[in-house]
Amino acid sequence: MNSTQTLKLNKEFKRLYYRGKCIPCRTVVIYAQKNRLGYCRLGLTCGKTVGKAVARNRAKRLMRESFRALLPKITGGYDIVMVART
């Protein structure tokens, strides 16, 4: 898989917020749930509390790169949403 599959619809994000498993950390909150697609999809959110646009975009780039580094270790298909914290 050359490019990362992304979550784009609001209902997909809401489904993970309510039914997904939550893993909070100091810098990020991760919501994950198994899907039936056989590949992983990623959704990124970053609120204005993180900073201005440059800081939010940098946070999203870092989260995307960390997901790509861990992707070969993930077996099966998962929907994952990463929420950046300040």
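The values are calculated or read from the model by the stated rules, or taken from the named source; none is laboratory data. Note that the structure is predicted; figures quoted are calculated from it, not measured. For the accessible areas, the whole protein counts, side chains as well, though only heavy atoms, and no ligand, DNA or RNA atoms are used. Shrake-Rupley method; radii C 1.70, N 1.55, O 1.52, S 1.80 Å.
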Checklist entry - How high is the relative contact order of segment 34-86, in percent, with contacts defined as C-alpha pairs under 8 Å that are six or more residues apart? => result 64
Next on the checklist: Please compute the per residue accessible area over the chain with all protein chains in place, 1.4 Å probe, rounded to a whole number of Å².
Outcome noted: 73
Checklist entry - How far is helix 53-70 tilted off the main Cα axis of the chain, in degrees rounded to 10, range 0 to 90? => result 30
Checklist entry - Ignoring any ligand, DNA or RNA, what whole percent of the accessible area of the chain comes from carbon and sulfur when the probe is 1.4 angstrom? => result 53
Next on the checklist: Run the Debye formula on the Cα coordinates of segment 1-81, all scatterers equal and no solvent, and tell me log10 I(q)/I(0) at q = 0.13, 0.24 1/Å.
Outcome noted: -0.40, -1.34
Checklist entry - Counting each DSSP H run of 4 or more residues in the chain as -39500 (n - 2.57), what helix-only mean residue ellipticity at 222 nm follows after dividing by all residues, to the nearest 500 deg cm²/dmol? => result -10500 deg cm²/dmol
